[in-house]
Amino acid sequence: MNKTKIFLFALVTLLAASCMRDTIDQGALSAEEAMVARKFINTVDSAVPGELIIYVDKASVAMLEGVGEATRVAMTDIEQIADEVGAYSIEPVFNLKVNAERKRALGMDRWYAVSLPENVDLESVARSFASLESVERVEFNMAIEKPSSEAIPFDGNIFSSTRASVMPFNDERIEMQWSLNNTAEAHFYPTVKAGEDINVLPAWELTTGRPDIIVAVVDSGVCYTHPDLKDNMWVNEAELNGADGVDDDGNGYVDDIYGYNFADNMGRIMWSAKDSHGTHVAGIIGATSNNGIGIAGIAGGSGNGDGVRIMSSQIMSGSNTAGVKSIGEAIEYAADNGASILQCSWGFKPGDYPSDVMFESGSASAEYQALQYFISTSNCPAMDGGLVVFAAGNEGMPLAGYPAAYNDYLSVTAFAPDGLPTYYTCYDKGCNISAPGGEYYFVGNSMREYGCILSTLANGDYGYMQGTSQACPHVSGIAALGLSYALDNGLNFTLAEFKSKLLTSVNNFDSVLVGTKENVGTGGTLNLNNYRGKMGTGKVDTYRFLMSLRGTACIPVAVGQEVIIDFNKYMGDGETSIKVLSKYTISDETRATLGIEGERMIGDKFIITCTKPGCGTITVSMVAGGTAVGGGQLVGGMAIEKEFALVAREGNTVGDSGMVEDAAGWL
Ligand SMILES: [Ca+2]
Ligand SMILES: [Ca+2]
Ligand SMILES: [Ca+2]
């Protein structure tokens, strides 16, 4: 990229006589030392050698930006330190060529990266900078933990089954995607359970995505030539049709056609067969659906070029993993170039969290600053802001990773085809919602992969992976469908509303968290009680989410049981002044889908049996105000109709009174 670099050596001769000072003031008072220590965002332990990030005061920004101007005679105290420690350059972390005004208002212009010889004592240099009044924070450029990208290649097995008739798309391998529609077929997993999926089939009848919704996959490079991804890639047309080596669209990045490669600092997105993590994640969200090949993406369209678009914001490349600085830039890039969902299946090592002091004082780090910038950027008219989705982490710890654990981002835990927690998923603190992440199982000594998630690989083929890295893009894909549906219907939400609707459109998790799970993945045993109330609000449900965006209450119904529905429960505070009439409509389609039997109204209670799992709607007539509808000169209530969604699942329970009890996730 063409960032203005401040080359310090240019000033060295000018200011050769400038006073040298001790880089470490050995005689400092302990109060001063404490002041310096408070400026440290993280520890030196995982720092990338030769790199340091500093957050400077406003006055210093003006001076540092003035470097190189002819009238400039003095060196800032920051430059003096940099000079003393032999720094090569000080350059702004963020890209002020785009949206500079907003970035300055947020203080993003105050982050600088200092490039140093690799052999300097970074901690001591950091202390020198921190001792300056003009430096408010110092951050070591820690690298993220490279997630496992081991995939088991697709083995050619497609289990023909009854599922074929219900899957709406013609993708060759859609049969193997249990997370889209789990019908409890044992070849996926020994203790597989029906309905433990994301309930996307009925949602696809409402929307399959939109090409104006952009999801940034912040990960290793997305293989944009993959036959099942190439049609759903975000494309920077100006660069595609522009000149090599030229920043044709002036966004600060040269040749960024499908995104930008921050790991290698170049426009070209890179991948290798062994480096499929980002490609796998991308396929779950946006593999082209209904194109006759491979798999279906959650928001991959209907085969008519109408899927959501994937932007590759690359932060890992082979053995290269980006540090804080490049990650900040990658997130900023996504915001500046149109993404409204940030897909993040990565995190820092548990020991690399910013200190508790930083959490408590609300002090930002460079990556936090970038994430907050993404959140505050609206690139889709259906949502005010950007949605950040993180994988909770695979350490099996009762704490989400960092930055996933921050309150502002969704952090996704992983469940297996049995609807129980996976052996690896993080849970508890900082975790928000659960989605299918998949799990291996063993038959004797041989490992079976069908319980994992099948998606695209960087060699142009397909393969299975497991992890919260796979659960996370399920939520990103569902969010992308939600934005598509909202745009289709002219709806607009604040980011808080959108997140709230997503987090409450879930199926109950806690009801199955009793006893133990014999761990098919590792041979160990999970105590399920440990996970109660700790897997997030519940298991994400795509159809419920779209209904929630539409403002239609979802009523869970147990399959094969007669249930009594009290619509009054869904009237909000209007219950006492709204009378439910014995009049309703159910479409033939809903009747057929749910296999409805024995339906009748008794008073204002509705009795129904759904013999098949599925979703449909019922419209009920009511009188608002009074007991009867008025008409002509008659004084009376107003006739209104209200739509409800019936969600019939095997897992739904009914209470003693026959009332549906599954309260979690109701609107
Ligand atoms: Ca460009
Ligand atoms: Ca170009
Ligand atoms: Ca496909």
- Note on the structure: Out of (1) closer than 20 Å to residue 543 by Cβ; (2) modelled with pLDDT of 80 or more, the one residue 639 does not meet is (1)
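Could you tell me whether residue 295 is part of a helix (DSSP H, G or I), surrounded by 24 or more Cβ atoms within 10 Å (Cβ to Cβ), in contact (Cβ under 8 Å) with a residue 60 or more places away in the chain and within 16 Å of ligand 3 (Cβ to nearest atom)?
no
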- Could you list, in sequence order, all residues of the range 480-503 that are crowded, with 22+ Cβ neighbours inside 10 Å and of a type in the set (A, V, I, L, M)? 480, 481, 483, 486, 502
- Restricted to the range 505-522, and to residues that are touching a Phe, Trp or Tyr at 6+ places or on another chain (Cβ under 7 Å) and either under 16 Å from residue 191 (Cβ atoms) or assigned to a helix (DSSP H, G or I) (or both), which residue is modelled with the highest pLDDT? 513
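Looking only at the range 313-346, count every residue that is within 16 Å of ligand 2 (Cβ to nearest atom) and crowded, with 24+ Cβ neighbours inside 10 Å and tell me the total.
1
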- Message: It is to be established whether one or more residues within the range 251-267 are over 30 Å from residue 615 (Cβ atoms), touching a strand residue (DSSP E or B) at 6+ places or on another chain (Cβ under 6 Å), of a type in the set (Ser, Thr, Tyr) and within 13 Å of ligand 1 (Cβ to nearest atom).
- Response: yes
- Message: Every residue in the range 205-235 that is within 18 Å of residue 315 (Cβ to Cβ), more than 16 Å from ligand 3 (Cβ to nearest atom) and in a loop (DSSP other than H, G, I, E, B), please.
- Response: 221, 234
- Message: Name the residue that is farthest from ligand 3 (Cβ to nearest atom), counting only residues in the range 236-248 that are of a type outside the set (Gly, Ala, Ser) and buried (at least 16 other Cβ atoms within 10 Å of the Cβ).
- Response: 247
- A careful count of residues in the range 227-278 that are more than 14 Å from ligand 2 (Cβ to nearest atom) and in contact (Cβ under 8 Å) with a residue 60 or more places away in the chain gives 18
- Considering only the range 280-289, state which residues are closer than 17 Å to residue 181 by Cα and within 7 Å of ligand 3 (Cβ to nearest atom). 287, 289
- Task: Look at the range 149-160 and say how many of its residues are exposed (fewer than 13 other Cβ atoms within 10 Å of the Cβ) and either modelled with pLDDT under 85 or in contact with a helix residue (DSSP H, G or I) (Cβ under 6 Å, 6 or more places away or on another chain) (or both).
- Result: 1
- Hey, which of the strands (runs of 3 or more DSSP E) in the range 581-633, taking only ones fully inside, have at least 1 residues that are of a type in the set (Ser, Thr, Tyr), in contact with a Ser or Thr (Cβ under 9 Å, 6 or more places away or on another chain) and modelled with pLDDT of 85 or more? 614-624
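The values are calculated or read from the model by the stated rules, or taken from the named source; none is laboratory data. Given the structure is predicted, the values throughout are model-derived calculations rather than measurements. Every residue, glycine among them, receives a Cβ derived from its backbone with ideal geometry; neighbour counts consider all protein chains shown.
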